[in-house]
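Novice: Dropping the structure in here first, questions after.
The values are calculated or read from the model by the stated rules, or taken from the named source; none is laboratory data. Just so it is clear, the structure is predicted and the values come from calculations on it, not from any experiment. Don't worry about glycine lacking a Cβ; one is built from the backbone with ideal geometry, like all the others, and counts go over all protein chains shown. With ligands, DNA and RNA removed, areas are computed over all heavy atoms of the protein, side chains included. Shrake-Rupley method; radii C 1.70, N 1.55, O 1.52, S 1.80 Å.
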Number of protein chains: 2
Amino acid sequence: MPITINDVAKEAGVSTSTVSKVLNNWTTISPATATRVHQAIEKLNYIPNARAVSFARKSTKNIVFLTYLEKDSAYLNPHMFDIMCGAYNELSGHDYTMTLQDISKDTVKGESVSRLLSTKSCDGIIIHGSAINASIAETIIKQNFPHIIIGHPGFESRLCWVDTNHALAGHLAAQHMVERGYTSIAFIGGQKTDELSFQRQKGFLGTMYQYGYQVPDERIFYSNSTSEEGYLTTLKILHESKRPRGIVCENNTLAVGAMKAIEQSGLTLPKDIAFLTFDAYPYTQIIDPKPTVIDINVYDMGVQAGNMMIRKLENPSLLVQSYTTIPVILEGQTT
Amino acid sequence: MPITINDVAKEAGVSTSTVSKVLNNWTTISPATATRVHQAIEKLNYIPNARAVSFARKSTKNIVFLTYLEKDSAYLNPHMFDIMCGAYNELSGHDYTMTLQDISKDTVKGESVSRLLSTKSCDGIIIHGSAINASIAETIIKQNFPHIIIGHPGFESRLCWVDTNHALAGHLAAQHMVERGYTSIAFIGGQKTDELSFQRQKGFLGTMYQYGYQVPDERIFYSNSTSEEGYLTTLKILHESKRPRGIVCENNTLAVGAMKAIEQSGLTLPKDIAFLTFDAYPYTQIIDPKPTVIDINVYDMGVQAGNMMIRKLENPSLLVQSYTTIPVILEGQTT
DNA sequence: CTGAAAGCGCTTACAG
DNA sequence: CTGAAAGCGCTTACAG
C-alpha cells in the first residue's frame, strides 16, 4: 500500500488540506505545524502521487517535444538531439518533464498536435523547425497554446520561436576571411530554396560587399549539399584561370568533399588556399587539417527554448515572440 | 469549457459509466447504445482527458527512457538516440508515451529512479546501458518494477535486458575475411577492460582459430580507441617484416586513423591489404573507400526493448529475461 | 492559522 | 445490457 497524503495527515495530527498546504509552501502555515508535517513526511517516506497532483491541479508539468524520430535521425540530424538535450536540461531544472512526440506518422497534417492539445497531456509544446507546418501553426494559435518553435518557422505568423542569427554567422565568416587577408572568395551554398543556406550566404555576401570585396556571381555556387558535389564544385573552382584565395562552404557535408578536392590538387591549406565552413558537426572534428568553422551552439538554442517556455507558462501574458542566439567562430588550421 | 464524459452521456441519453464502457470497448454494451454514444462523441468532438484517465486507471501509459542527456551527447553517442527512436516508435505504436529522464545530475546514485517509482509517473522504465548501476538495479528489482536495460548490464542480476550478440559480430568478421582468402590478420581493439570490445575480439579470434588460422598475440593490439592510435598502430603493423593480409578494427574511430595510415603507406585497398571494421557509424559512411563493416542495427534494439516492455506490462508474469539481436555484414570496397 | 467539503474527470465493482 | 455510487489522491475556495 503506497503512502498517501491522508496517512501523513493522520501521522502529523492535522488535516489533509494542511499537509497539502505545507507541500505547496503556503505562507499561512505556522512554523510549528509545518515542522510536524515535515517530520511525518520524512518518517513515512511520503512522496506525492504525480498523477493525482496533475489531475487535481489541471496541469501536467509536462512539455512535449515534437519532431521527427525515424530511424537514422540521430545520424542525419544530431543537431536536433542536441537541441532536445538543451531543452530537456532547462525544463527538468524547473521540475517539468519532457515527453517525445513523433510527427512522421501523421496521416492528416497536424493530427498528433490536435490530439495532444485536446487530451491535455502537456502544458506546452516545443516544436523542432522541421516539424512545423501551417496546419499545426493554426491549431496552436487558435487555441493560444503555449509553444516554442525551434528555428524560424519560414512563414510569417504569431508563432513564438528561437533561432540562431544565421546571417550574422555569414557576416562573421566574411569578417574573418577579410581580416586574414583573404578577399577573393568562392562560396558553395546549399539549395537556392534552403532558408538557412540563404541567410548564411546573404550575411556573407553582404559583409564582403561592405568591405569592398564584392563576390562575383560566377563564384557563387548552389548544390544539393552532398560531399560529391562539394568535391566536384571545388575542383571546378580550383581549375579556374584565376583561382580564388579562399573557399567558404555552407555546410559540413560539402566541406568534406571540398577539402578532399583541395588535397588532391596538391594545394596546401591555408598557404595556397584558405577554407572555412559552417557548423562544427558532424565531420569537421575529424577532417584533417581541422577547418575553421562558424559554429552555432544548438544546445544553447534548446536551453533558450526551454527557458522561454517556462517563462511563458509562469506568465501567460508575456509578449516576447522570439529569442535569437549568436554564432561563434572556432579557428582551425585552414585560415 | 472543455467537453467531459458527462456532456457526452447527456447528449447520448445514457449514464457516464456507459460512455466509459463504450470508450473502453466493453463487450457488454448493446450495438445500438454504442452507436448513439459514438455519435454523441463525434458530434461534441469529445476526447477523454488523459490526466483523468491516468489517475482513475492508476496507470500512466507512459514509459521513461533513462539515459545521459548532456551537451554533445548526440554527437558523441548517436547510437543512443537511434535506440531511443526505435523504442519510441514501438511504444507510441501501442499508445504509450515516452518521457526522457537524464541521470547525469543525480547527486546520490539512483535517486532519480527512486523518485520516478515513488511518484508513480510511469508504468515502466527503459534504461540505456550507460545509465545503469548497482544502486538503480537494486531499487528496480526490490520493487519488481517493469524495466528493460539496453545492453547487457555488465554484472549478473535478475535485470531484464536486450543486446546485440557482439561475439557473433566478431565471428562474422572472421568468417568474411577467411572466405575472401584473408587469413593472416591483425586485430586492433579498444581497451582491455571494455566489454563490447572484448566480445568482438573473442568472437573474431575464436572463429579464426576454428578455421585453423590462429592470430598470434603480437598481432592483437589494444588502444584507447582514438583515431590517432588507430593511425600509429596501423603504421606499426604495416612496417612489420611480414605484413598481415588484412586488418580488423574494433570501432569506427580507430578505423579512420587506420585507413589514413594505409593510404599514406601507398597501399591499395583491398589489393595490398584488406580492411574491416565494426559499426556503420559515425564515420564509415564518409570514409573513402567505403570499408566493409559488421553493423548492428541499434534502432532495432530500441524496437525490441519497447516491444519487450509492452509484453511485460501486458503480462507481468512473463519470465523472459533477455532479447539478443543479430549483427549483419555490409560489404564495402575494402575486402 | 486550520479544517470540512467539494471538486478535478474518469473507471470499476456491484446491483439490478 | 445499463446505471448509481464509490473511489482514484490530490488542491482549493470557503468558513471559522
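Novice: Could you tell me how many degrees, from 0 to 90 and to the nearest 10, lie between the Cα long axis of helix A:166-179 and the main elongation axis, the longest principal axis, of the Cα atoms of chain A?
Specialist: 40
Novice: Something else: Where does helix A:298-314 land angle-wise versus the long Cα axis of chain A, in degrees 0 to 90, nearest 10?
Specialist: Orientation of helix A:298-314: about 30 degrees from the principal axis.
Novice: At A:HIS94, with labels set 7 Å past Cα in the Cβ direction, how many nm apart are the copies from this one, shortest first?
Specialist: So the label point of A:HIS94 gives 3.4 nm to the other copies.
Novice: Please list, by residue number, every one of the trypsin sites (Lys or Arg not before Pro) in the stretch A:108-215 that is coil in DSSP and has at most 11 other beta-carbon atoms within 10 Å.
Specialist: Of the trypsin sites (Lys or Arg not before Pro), the ones in loops of the stretch A:108-215 whose Cβ has at most 11 other Cβ atoms within 10 Å are A:ARG158, A:LYS192.
Novice: Specify which residue in the list A:THR193, A:ILE149, A:ILE287 is farthest towards the positive end of the charge dipole of chain A, using unit charges on the beta carbon of Lys, Arg (+1) and Asp, Glu (-1), about the Cα centre.
Specialist: Looking along the dipole axis, the top candidate is A:ILE149.
Novice: Using +1 at the C-beta of Lys and Arg and -1 at the C-beta of Asp and Glu, which of A:GLY212, A:LEU172, A:THR119 has the Cα lying farthest in the positive direction of the dipole of chain A?
Specialist: It is A:THR119, whose Cα lies furthest towards the positive end.
Novice: Still on this structure: How much solvent-accessible surface does B:LYS21 expose, in Å² to the nearest 10, with a 1.4 Å probe and all protein chains in place?
Specialist: 60
Novice: Now for a separate question. Counting only protein heavy atoms and rolling a 1.4 Å probe, how much accessible area do A and B lose on contact, total for both sides, in Å² to 100?
Specialist: That pair of chains buries around 4400 Å² in total.
Novice: May I ask you to report, in nm to one decimal and beginning with the shortest, the distances from B:GLU314 to the same position in the other copies, taking label points 7 Å along Cα-to-Cβ?
Specialist: Going from nearest to farthest copy, the values are 4.4 nm.
Novice: Grab the beta carbon distance between B:GLU218 and B:ILE329, set R0 = 30 Å, and tell me the FRET efficiency rounded to 0.05.
Specialist: On the way: r = 27 Å, r/R0 = 0.91.
Once rounded, the FRET efficiency stands at 0.65.
Novice: Looking at the stretch B:62-84, which residues lose a minimum of 10 Å² of accessible area between their chain alone and all protein chains in place, measuring with a 1.4 Å probe and not counting ligands or nucleic acids?
Specialist: Buried by the other chains: B:LEU69, B:GLU70, B:LYS71, B:ASP72, B:ALA74, B:TYR75, B:PRO78, B:PHE81, B:ASP82, B:MET84.
Novice: Diagonalise the Cα gyration tensor of chain A and give the resulting equivalent ellipsoid semi-axes, square root of 5 times each eigenvalue, largest first, whole Å.
Specialist: Numbers: eigenvalues 545, 83, 60 Å².
Semi-axes (√(5λ), whole Å): 52, 20, 17.
Novice: Still on this structure, please answer the following. Can you give me the angle between helix B:252-264 and the longest principal axis of chain B, using Cα atoms only, in degrees from 0 to 90, rounded to the nearest 10?
Specialist: 30
Novice: Counting each DSSP H run of 4 or more residues in chain A as -39500 (n - 2.57), what helix-only mean residue ellipticity at 222 nm follows after dividing by all residues, to the nearest 500 deg cm²/dmol?
Specialist: After summing the helix terms and dividing by residue count, I get -13500 deg cm²/dmol.
Novice: Can you send over the solvent-accessible area of B:THR193, 1.4 Å probe, protein chains only, in Å² to the nearest 10?
Specialist: Accessible area, nearest 10 Å²: 130 Å².
Novice: For A:LYS290, place a label point 7 Å out from Cα along the Cα→Cβ vector, do the same in each other copy, and report the separations in nm, one decimal, smallest first.
Specialist: Distances between equivalent label points, in nm: 2.9.
Novice: Now for a different question. Over chain B, with every protein chain in place, what whole percent of the accessible area is carbon and sulfur at 1.4 Å, could you tell me? Can you show the working numbers first?
Specialist: Working: 7860 of 15520 Å².
The C+S portion of the solvent-accessible surface of chain B is 51 percent.
Novice: If you wrap a convex hull around the alpha carbons of the protein assembly as shown, what volume per residue comes out, as a whole number of Å³?
Specialist: 196
Novice: What's the local net charge at B:SER121, with K and R +1, D and E -1, over the other residues with C-beta under 9 Å away?
Specialist: Net local charge, B:SER121 excluded: +3.
Novice: Indicate the residues belonging to the stretch A:34-52 that lose 50 Å² or more of solvent-accessible heavy-atom surface (probe 1.4 Å) upon moving from the chain alone to the assembly of all protein chains, ignoring ligands and nucleic acids.
Specialist: A:ILE47, A:ARG51
Novice: Here's a follow-up. How large is the accessible surface per residue of chain B, computed with a 1.4 Å probe and reported in Å² as a whole number?
Specialist: Averaged over the residues of chain B, the accessible area is 46 Å².
Novice: Suppose the chain between B:LEU44 and B:LEU232 were pulled fully straight at 0.36 nm per residue; how much longer would it get relative to their current alpha carbon spacing?
Specialist: 60.6 nm
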